[in-house]
Amino acid sequence: MAMFVSEPIFCFIMIRNLSEKSIDYVYKTPVLQQTAYWSKVKSRLGIESLALNFKVRSNSVVNIPDYENAYHDSDLLILLQRVDSYSCIAYIPYGPEVEPTDELTGPFLEELSEQLRSYLPANCIFIRYDLLWKSLWDEETPGNHLQELRVNIGTNLWNLRKARTNILPSSTIFLNLRNDSSTLLSGMKPKTRYNINLSERRGVDIRSAGIESIEIWYELYKETAVRNSFYLHSIEYFEAILTVKANDTASPAYVTLLIAEHEGTPLAAMFLVVSGIRATYLYGASSNIMRSLMAPYALQWYAINYSKKMGCTEYDLFGISPTDNTSHPLHGLYRFKNGFGGEIYRTLGCWDYPINNELYEYYTVMEMQMQGFHDSGSV
């Protein structure tokens, strides 16, 4: 990896001992996008990745049980996304997982970014953090300028920029699978419970499938993409998700394709991924026919119970609109997923740390005019 010759001088306080390591030793985590498995999926699709260990000062971060040790061990998976034949972006999906206290959000990202410089290619334009950290705001998030003012407080360079678009979902719903099935059902909206029962009464069956059923999935997925006007991934992307194995690494994942059918006709399907204690509803699709059978409801309920049997304690419904705003493109997902109960979780979304400011400004203009580098499959 090439090293930059000119770097600002910093006194690093929170983060130390940054060092590169093998992808196979990325720590086990419920965050799918920070696993060795996810790195191998991306590698299959031609995207390079980089893994690093680091230590963070324990009293700088949240969710550390105690401060018995002054520093907490953590790691980071970085995807090196190519923009063109000359430049790349260091994209960090849902990382770093370790989360600083609110007042240290900006200083932590600045310190980490400056330490990452020497590990990134010389043609890297910027670092993009797709943060899973809890949002600093309630339901109403202010405009980008006000967000930047808040996050850059305490930094030296005021170099953190709110990305114009988020890549991974910035709002989701988590179900607590420690609850028994009766408690989960009672936490759902009445209409959701009704639709689950209706679908089961009308004979919708669920089966677990493998790569042999990828064409069934893709036909349903194409119908859904056209119906909802969202970006269409290639079938190779889904083949990679379903077939890549990372069982010989420290952070594998278990993937299954679930299909809902009525008398042999596929009506809905989903990718269920288990990583650590968490099951994630990564992708879903449904047919335009026989929608009155409510197959997606039966499918989701099956997946929830399947995840409990797998030993998961969390279920991530993965992606909703931030609020119940009917004009938001993800409002339909909000309405459907919110019916299953659980807790809404909002994140800070994507934040950029420019390294080459001139190229960064050019890229952000172009990003608004194209689908973006992440459309090669970041979610």
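The values are calculated or read from the model by the stated rules, or taken from the named source; none is laboratory data. What you are looking at is a predicted structure, and each value in this text was computed from that prediction instead of being measured. A quick note on method: Cβ atoms are made from the backbone with ideal geometry, for glycine too, and the neighbour counts reach across all protein chains shown.
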Original post:
Taking interchain pairs and intrachain pairs at least six residues apart, which have beta carbon atoms under 9 angstrom, with the first residue in the range 175-193 and touching a residue at least 40 places away in the same chain (Cβ under 8 Å) and the second polar (S, T, N, Q) and part of a helix (DSSP H, G or I)?
Top reply: L175/S307; N176/T183; L177/S307; S181/N305; L184/N305; K189/N338; T192/Q300; T192/N338
**OP:** State yes or no: is Y306 modelled with pLDDT of 95 or more, surrounded by 21 or more Cβ atoms within 10 Å (Cβ to Cβ), farther than 30 Å from S22 by Cβ and hydroxyl-bearing (S, T, Y)?
**Re:** no
**OP:** Sort through L232, L220, L185, L282 and tell me the only one that's of a type outside the set (V, I, T) and surrounded by 20 or more Cβ atoms within 10 Å (Cβ to Cβ).
**Re:** L220
Original post:
Hey, any hits in the range 279-300 for a residue that's of a type in the set (S, T, Y), assigned to a helix (DSSP H, G or I) and not assigned by TED's automatic domain parsing to the domain that holds L116?
Top reply: yes
Subject >> Residue within the range 247-255 that is part of a strand (DSSP E or B), within 22 Å of the chain's Cα centre (by Cα) and touching a residue at least 12 places away in the same chain (Cβ under 8 Å) present >> reply: yes
**OP:** Among the candidates I289, I241, single out the residue that is touching a residue at least 12 places away in the same chain (Cβ under 8 Å) and more than 22 Å from I23 (Cα to Cα).
**Re:** I289
**OP:** Could you pull out the residue among V83, V98 that is touching a strand residue (DSSP E or B) at 6+ places or on another chain (Cβ under 7 Å), of a type in the set (V, I, T) and surrounded by fewer than 21 Cβ atoms within 10 Å (Cβ to Cβ)?
**Re:** V83
Subject >> Search result, residues across the range 239-264 that are within 30 Å of R201 (Cβ to Cβ) and not aliphatic (A, V, I, L, M) >> reply: T256, E261, H262, E263, G264
